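Please read the structure below before turning to the comments.
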């Protein structure tokens, strides 16, 4: 895949990034991120014509969507709470 290519690994090393990949057959290791990116595409990116936008415009749209997703979007597996609200509730419960 593109994530195991020499060019990709070289680019990561040049930026000082460490690649993290699960072993073959462990597809659930990254399930939450796969779910997030699928939601981002379905709810935002597939609904706009990104080909007519600058890279900065697309970055801004994605940044705003991430803010919305984390702070306001209802998430069914979090008891109807956005991710950051659920996290705050969890930390309050653990601290008590």
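Structure notes:
- Of all residues making up region 32-57, the number that are closer than 15 Å to residue 68 by Cα and free of Cβ contacts under 8 Å to residues at least 24 places away in the same chain: 6
- Residues that are out of contact with any helix residue (DSSP H, G or I) (no Cβ under 6 Å at 6 or more places or on another chain), closer than 21 Å to residue 62 by Cβ, at pLDDT 85 or above and not in a helix (DSSP H, G or I) within region 1-46 comprise just one, 17.
- Scan of region 68-89 for residues that are surrounded by 12 or more Cβ atoms within 10 Å (Cβ to Cβ) and part of a helix (DSSP H, G or I), ordered by number: 68, 69, 70, 78, 83, 84, 85, 86, 87, 88, 89
The values are calculated or read from the model by the stated rules, or taken from the named source; none is laboratory data. Quantities reported herein were computed from a predicted structural model and do not represent experimental measurements. Reconstructed Cβ throughout: ideal geometry from the backbone, glycine too, with neighbour counts over all protein chains shown.
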